[in-house]
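Here's the structure, in structure tokens; my notes come after.
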Amino acid sequence: MNAVINYFSEIIGGFKTLLQGMGITGKHFFRAHKEIITQQYPDNRDTLTFEDRYRAQVYMEHDENNEHRCDACQTCEIACPNGSIEIIFDRVVDPETGKKKKVLDKHIYHLGMCTLCNLCVLACPTEAIKMSHEFETAVYDRSELTKALNKPGSKLKES
Amino acid sequence: MTTTEIDNKTGLVTQEYKINMGPQHPAAHGVLRLVLTLDGEIIEKVDPDLGYIHRGIEKMTERDTYKQIVHLTDRLDYLSSHINNEAVCLAVENALEIEVPDRVKVIRTIIAELTRLASHQLWWGVMGMDIGALTTFMYAFRDRELINDIMEETCGTRLTMNYNKPGGLMFDIHPNFQKRVKEFIKHFKVSLPEYNTLLSGNVIFKKRLQGIGYMSKEDAIAYGVSGPSARGSNISCDVRKIHPYSAYDRVDFNEILMEGGDSYDRYMVRMKEMEESMKIIEQLVDNIPEGDFETKTAAVLKLPKGEYYQKVESARGEFGVFIVSDGKKSPYRMKFRSPGFANLSILDKISRGHKIADLVAIMSSLDFVIPDIDR
Ligand code: SF4
Ligand code: SF4
């Protein structure tokens, strides 16, 4: 007799738990219009917001005169764990002091090898490079992932 | 070796056979290949085959400086990335006898607990999905998104944060941090009981887990199982309690232990651990001490000659960092003791005699992250 009672109470109890679960999904189903969290990407591209610190890729800041702050000191190149940065520079004789000085030719950045660890940005003494929010990085060819961060014709800002 | 048997009564020939589960199996949570030896539907042997995502991270550490190594550990157990980072930083700080400010310790602890919550949420969603309940996955990801947003605001990225560095943190917390963490806790206090009603009490779910994958206390110790999986077999092994680091010595929380040792108990340990994590965060979030977010360190750190070990409690168990230094700027050898590897080793033992479908449940209850096993 006991076994029969147990058998049925187990079935009823089981149904109860199923209904409780259904209750929760039902609650969320009917409240769904209040708690939509899905974003309609890419339709909402224009209104997408990011947190300030969000890291998507490294970029170099240029001002309106096409000048940057990178003095080719190579600190970022040394700080990078993955060899994603290569600094190509010329040595130019400074007419005032007569000493040779590094001048940035190309700040090469391999996005494909970058782990977005932020070490280069922290290491840069002049805050020349920063993290941008440009997160759509897909390209058709791998070679497009390698880019020069300093714009063509840009030069060092006089301080 | 295959054995062939002929049933005397019916004359039917039965034979052991082998199948592959993975490496691209939706229930395997990553590229893990299991070679299953089966007798009909019954599992006779499980042979894990690793190496599909071996990246040689331990070898890579020998090339990098200590500051660069930290970001590599994001890529071990990516769901506990902050906790892994913390382990390396603590090891280096101990070796160099750097005293980090109180503020750093508290912030590290809060973020570690948020990481643990996010990891357990994801595990809960995926566990439900493995058993066949798709709703859990959606709910878990909805709530986990809130934590990811907090991480994005303060640390800069959502998953591989690299927020720690030897000596402190990369930046101070964002001014909104405390407010958002409190909002999240408020939200999740409502959600977690829903999780329990939805899945933990569900009769089908219970029947699928209770009595499945029994792990005895002795076996768990013998195989070096740690974390929630071991605590489901009543082994007290919480590093946060036994060897407190960062700010765990100043918070009040319980170590969750269950007696049963089956998949359901391992499941319940994690569910209850989420409550404890919330408790820890609540105690700390209003009491973040003022101060610096870093101690200034040399540009290149050189550890004195010797051996150093630091263990922490990651979301999956005991994560250890062992450094052998010969006084140079990179370690001579660095070994990571990853919880997943030891936990995987017991899979064969506890799934013998169960059905294939149970294997999926057992694997979920052990909570594997494959890059952690296969580094
Ligand atoms: S973010 Fe890290 S990996 Fe990327 S370029 Fe900078 S230092 Fe290198
Ligand atoms: S970006 Fe900064 S660290 Fe890198 S070379 Fe230029 S100035 Fe130096």
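The values are calculated or read from the model by the stated rules, or taken from the named source; none is laboratory data. Bear in mind the structure is a predicted one, so any value in this text is a computation, not a measurement. Backbone-built Cβ (ideal geometry, glycine too); neighbour counts: all protein chains shown. For accessibility, only protein heavy atoms count, side chains too; no ligands or nucleic acids. Shrake-Rupley method; radii C 1.70, N 1.55, O 1.52, S 1.80 Å.
Filtering segment B:310-320 for residues that are over 26 Å from B:ILE110 (Cα atoms), in contact (Cβ under 8 Å) with a residue 40 or more places away in the chain and out of contact with any Cys (no Cβ under 7 Å at 6 or more places or on another chain) leaves an empty set. So in segment A:75-121, with the set limited to residues that are part of a loop (DSSP other than H, G, I, E, B) and among the β-branched types (Val, Ile, Thr), which one is farthest from the other protein chains (Cβ to nearest Cβ)? Once the filter is applied, the top-ranked residue is A:THR97. Against the list (1) open to solvent by 80 Å² or more (accessible area, probe 1.4 Å); (2) within 14 Å of chain B (Cβ to nearest Cβ); (3) not charged (D, E, K, R), the condition A:MET1 fails is (2). Of all residues in segment A:9-39, those that are surrounded by 10 or more Cβ atoms within 10 Å (Cβ to Cβ), farther than 22 Å from B:LEU134 by Cα and of a type in the set (A, V, I, L, M, F, W, C) total 1.
Has segment A:26-48 got at least one residue that is in contact (Cβ under 8 Å) with a residue 12 or more places away in the chain, away from chain B (no Cβ under 14 Å) and either of a type in the set (Lys, Arg) or closer than 21 Å to A:MET131 by Cβ (or both)? No, because not a single residue in segment A:26-48 is in contact (Cβ under 8 Å) with a residue 12 or more places away in the chain, away from chain B (no Cβ under 14 Å) and either of a type in the set (Lys, Arg) or closer than 21 Å to A:MET131 by Cβ (or both). Taking segment A:146-157 as the search range and keeping residues that are in a loop (DSSP other than H, G, I, E, B) and in contact (Cβ under 8 Å) with a residue 40 or more places away in the chain, which one is farthest from ligand 2 (Cβ to nearest atom)? Filtering first and then ranking leaves A:GLY153. Taking segment B:151-182 as the range and being more than 14 Å from A:ARG55 (Cα to Cα), assigned to a helix (DSSP H, G or I) and touching a residue at least 24 places away in the same chain (Cβ under 8 Å) as the test, the residues that pass are B:PHE177, B:GLN178, B:ARG180, B:VAL181, B:LYS182.
Looking only at segment B:56-72, residues that are among the charged types (D, E, K, R) and either closer than 16 Å to A:LEU119 by Cα or at the interface with chain A (Cβ under 10 Å from one of its Cβ atoms) (or both) come to 3 in all.
Among the residues of segment B:159-180, the one identified as surrounded by fewer than 17 Cβ atoms within 10 Å (Cβ to Cβ), closer than 25 Å to A:CYS120 by Cβ and at the interface with chain A (Cβ under 10 Å from one of its Cβ atoms) is B:PHE171.
Rundown of residues vs (1) under 17 Å from A:GLN74 (Cα atoms); (2) not acidic (Asp, Glu), yes/no style:
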{"position": "A:MET113", "(1), (2)": "no, yes"}
{"position": "A:CYS120", "(1), (2)": "yes, yes"}
{"position": "A:GLU127", "(1), (2)": "yes, no"}
{"position": "A:MET131", "(1), (2)": "no, yes"}
{"position": "A:GLU136", "(1), (2)": "no, no"}
{"position": "A:THR146", "(1), (2)": "no, yes"}
{"position": "A:PRO152", "(1), (2)": "no, yes"}
{"position": "A:LYS155", "(1), (2)": "yes, yes"}
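Reported count of residues in segment A:71-114, each being more than 9 Å from ligand 2 (Cβ to nearest atom) and either open to solvent by 70 Å² or more (accessible area, probe 1.4 Å) or not hydroxyl-bearing (Ser, Thr, Tyr) (or both), is 27.
Applying the criterion of being touching a helix residue (DSSP H, G or I) at 6+ places or on another chain (Cβ under 8 Å) and either within 12 Å of ligand 1 (Cβ to nearest atom) or part of a helix (DSSP H, G or I) (or both) to the residues of segment A:122-145, the residue that is most open to solvent (accessible area, probe 1.4 Å) is A:ARG142. Of all residues in segment A:42-97, exactly one satisfies the criterion of being touching a helix residue (DSSP H, G or I) at 6+ places or on another chain (Cβ under 7 Å) and modelled with pLDDT under 85, namely A:GLU51.
The condition (being part of a loop (DSSP other than H, G, I, E, B), acidic (Asp, Glu) and touching a residue at least 60 places away in the same chain (Cβ under 8 Å)) is satisfied by just one residue among A:ASP71, A:ASP52: A:ASP71. Here A:MET131 fulfils each of the conditions (1) away from chain B (no Cβ under 14 Å); (2) modelled with pLDDT under 90; (3) within 16 Å of ligand 2 (Cβ to nearest atom) apart from (1). The helices (runs of 4 or more DSSP H) falling completely within segment B:183-271 that include 2 or more residues that are crowded, with 20+ Cβ neighbours inside 10 Å and within 14 Å of chain A (Cβ to nearest Cβ) map to B:203-209. Of the residues examined, A:CYS117 is one that is touching a residue at least 24 places away in the same chain (Cβ under 8 Å), open to solvent by less than 40 Å² (accessible area, probe 1.4 Å) and either outside the structural domain of A:ASN65 (by TED's automatic domain parsing) or more than 14 Å from ligand 2 (Cβ to nearest atom) (or both). Would you be able to say whether some residue in segment B:309-318 is surrounded by 23 or more Cβ atoms within 10 Å (Cβ to Cβ) and on the phi > 0 side of the Ramachandran plot? Yes, segment B:309-318 has at least one match. Taking the criterion of being within 15 Å of ligand 1 (Cβ to nearest atom) and either within 14 Å of another protein chain (Cβ to nearest Cβ) or more than 30 Å from B:MET161 (Cα to Cα) (or both), the residues of segment A:55-71 that qualify are A:ARG55, A:ALA56, A:GLN57, A:VAL58.
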